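Encoded as structure tokens, the structure appears first; notes follow it.
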Amino acid sequence: MSLSRNPGLLIWPAVLAAIVLLSFFASLVSPYDPYSIDPLSRLKPPSVEHWFGTDNFGRDLFVRVALAVRVSLSVGAAVAVIAGVTGIVIGLLCAWYRPVDRVLMRVCDGLFAFPSLLLAIAIVGVLGPNIANVVLALSLVYVPSIARVIRGAAMVIKEKNFIEALRAQGASASRIIWLHLLPNVISPFIVQVSWVFSVAILTEAALSFLGSGVPAPMPSLGNLLLEGKAVIFTAWWMTFFPGIAIVLLILGLNIIGDDLRDSADPGLKPLPRRVLRLLKQGARHG
């Protein structure tokens, strides 16, 4: 796909790269400690000294938002990797082995019966609120969605003629699964993992906002919004900048995921151009 035909492939990776670099190197451009309390500077609006203003403890909001973005990206990436690896293994095994499919897919159906946020809250409530438990809870929540997508794609590939030929030649099940099914489900896998990455960031923010996610004083985008909720009418910057960070992260990851989907299925992109050409021809003859 030509980059000039799809500017999102250039713009949003650049936006996300800028956010990531700023979150990891904020200490180089700002001298403030994200945990340093200064009561004399509490609730100061954005200025040259404090770019995003200060919070209700006088802490610089810019460095706290940068650290919160780093935490959210770390949680999202960890969930995407753990849920992705587990989901693709489960999906491939379920597609090939019917007894495994009957057991594991029923477990996935049971997990699907609960709303993802409520299930995550329940798991974190049992294990305790910390980053490791949040990652584990979100991974358990999103494994079924990846497993079902991979299972569906693998079952389609399983019926192809070349798979039947491999079985007729005596190829082992493990060889077919890992050398032939796996490469053919990578495209939907990448798209699904990009979706899990973004939705895990959003769910982690929701958990932290509800008090079940990353515990204070470590900042996350969710608990920064929670802190700003009490002073939203007098210190708008405490909710505005964490909210903008969430919007940019989720929007960027979703747009990149859509681009990946379009790249994986070339039939999706020419359709608007064909429709436009037909409309133009109809307008000329009308």
Expected output for segment 172-193 (first residue of a type in the set (A, V, I, L, M, F, W, C), partner loosely packed, with under 15 Cβ neighbours inside 10 Å and in a helix (DSSP H, G or I), Cβ below 8 Å, 6+ apart or cross-chain) is 176/167; 190/264; 191/264
Here the residues within segment 58-76 that are surrounded by 24 or more Cβ atoms within 10 Å (Cβ to Cβ), without any contact (Cβ under 8 Å) to a residue 60 or more places away in the chain and either closer than 16 Å to residue 213 by Cβ or acidic (Asp, Glu) (or both) are 60
Across segment 10-37, the tally of residues that are in contact with a Lys or Arg (Cβ under 7 Å, 6 or more places away or on another chain) and either assigned to a helix (DSSP H, G or I) or among the acidic types (Asp, Glu) (or both) stands at 2
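Being at pLDDT 85 or above, hydroxyl-bearing (Ser, Thr, Tyr), in contact with an Asp or Glu (Cβ under 7 Å, 6 or more places away or on another chain) and within 30 Å of residue 144 (Cβ to Cβ), is that true of even one residue in segment 69-92?
The initial filter retains those residues of segment 69-92 that are at pLDDT 85 or above, namely 69-92.
Narrowing the set further to residues that are hydroxyl-bearing (Ser, Thr, Tyr) leaves 72, 74, 86.
Pick out the ones that are also in contact with an Asp or Glu (Cβ under 7 Å, 6 or more places away or on another chain) and you get 72.
Filter again for within 30 Å of residue 144 (Cβ to Cβ), leaving 72.
Taking every residue of segment 69-92 in turn, at least one turns out to be at pLDDT 85 or above, hydroxyl-bearing (Ser, Thr, Tyr), in contact with an Asp or Glu (Cβ under 7 Å, 6 or more places away or on another chain) and within 30 Å of residue 144 (Cβ to Cβ).
For segment 213-222, does any single residue satisfy the condition of being surrounded by fewer than 18 Cβ atoms within 10 Å (Cβ to Cβ) and under 29 Å from residue 111 (Cβ atoms)? Break it down into steps so the answer makes sense when it comes.
Of all residues in segment 213-222, those surrounded by fewer than 18 Cβ atoms within 10 Å (Cβ to Cβ) come to 215-218.
Still in the running and under 29 Å from residue 111 (Cβ atoms): 215, 218.
Looking for residues that are surrounded by fewer than 18 Cβ atoms within 10 Å (Cβ to Cβ) and under 29 Å from residue 111 (Cβ atoms), one finds at least one in segment 213-222, hence yes.
It is to be established whether one or more residues within segment 77-85 are surrounded by fewer than 17 Cβ atoms within 10 Å (Cβ to Cβ) and in contact with a Phe, Trp or Tyr (Cβ under 8 Å, 6 or more places away or on another chain).
Step one: filter segment 77-85 for residues surrounded by fewer than 17 Cβ atoms within 10 Å (Cβ to Cβ), giving 77, 81, 85.
Those left that are additionally in contact with a Phe, Trp or Tyr (Cβ under 8 Å, 6 or more places away or on another chain): 77.
Yes, segment 77-85 contains a residue that is surrounded by fewer than 17 Cβ atoms within 10 Å (Cβ to Cβ) and in contact with a Phe, Trp or Tyr (Cβ under 8 Å, 6 or more places away or on another chain).
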Scanning segment 118-142 residue by residue, the ones that are more than 23 Å from residue 193 (Cβ to Cβ) and among the small types (Gly, Ala, Ser) total 3
Scanning segment 86-115 residue by residue, those crowded, with 19+ Cβ neighbours inside 10 Å and either of a type outside the set (A, V, I, L, M, F, W, C) or in contact with a His (Cβ under 8 Å, 6 or more places away or on another chain) (or both) turn out to be 87, 91
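Based on what the data block shows, is residue 67 part of a helix (DSSP H, G or I), more than 30 Å from residue 137 (Cα to Cα) and either out of contact with any Cys (no Cβ under 7 Å at 6 or more places or on another chain) or of a type outside the set (S, T, N, Q) (or both)? It would help to see each step written out before you state the result.
Details: part of a helix (DSSP H, G or I): yes; more than 30 Å from residue 137 (Cα to Cα): no; either out of contact with any Cys (no Cβ under 7 Å at 6 or more places or on another chain) or of a type outside the set (S, T, N, Q) (or both): yes.
Against the criterion (part of a helix (DSSP H, G or I), more than 30 Å from residue 137 (Cα to Cα) and either out of contact with any Cys (no Cβ under 7 Å at 6 or more places or on another chain) or of a type outside the set (S, T, N, Q) (or both)), residue 67 does not qualify.
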| task | Check segment 124-131 and report whether any residue there is under 16 Å from residue 90 (Cα atoms), crowded, with 18+ Cβ neighbours inside 10 Å and within 24 Å of the chain's Cα centre (by Cα). | result | no
Per the filter on segment 91-129, residues more than 23 Å from residue 204 (Cα to Cα) and not in a helix (DSSP H, G or I) are 97
Is it true that residue 205 is small (Gly, Ala, Ser), touching a helix residue (DSSP H, G or I) at 6+ places or on another chain (Cβ under 9 Å) and at pLDDT 90 or above?
yes
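Does at least one position in segment 159-181 carry a residue that is closer than 27 Å to residue 255 by Cα and either part of a loop (DSSP other than H, G, I, E, B) or aromatic (Phe, Trp, Tyr) (or both)?
Taking segment 159-181 first, the residues closer than 27 Å to residue 255 by Cα are none.
No: segment 159-181 contains no residue that is closer than 27 Å to residue 255 by Cα and either part of a loop (DSSP other than H, G, I, E, B) or aromatic (Phe, Trp, Tyr) (or both).
The values are calculated or read from the model by the stated rules, or taken from the named source; none is laboratory data. Quantities reported herein were computed from a predicted structural model and do not represent experimental measurements. Note: ideal-geometry Cβ built from the backbone for every residue, glycine included; neighbour counts use all protein chains shown.
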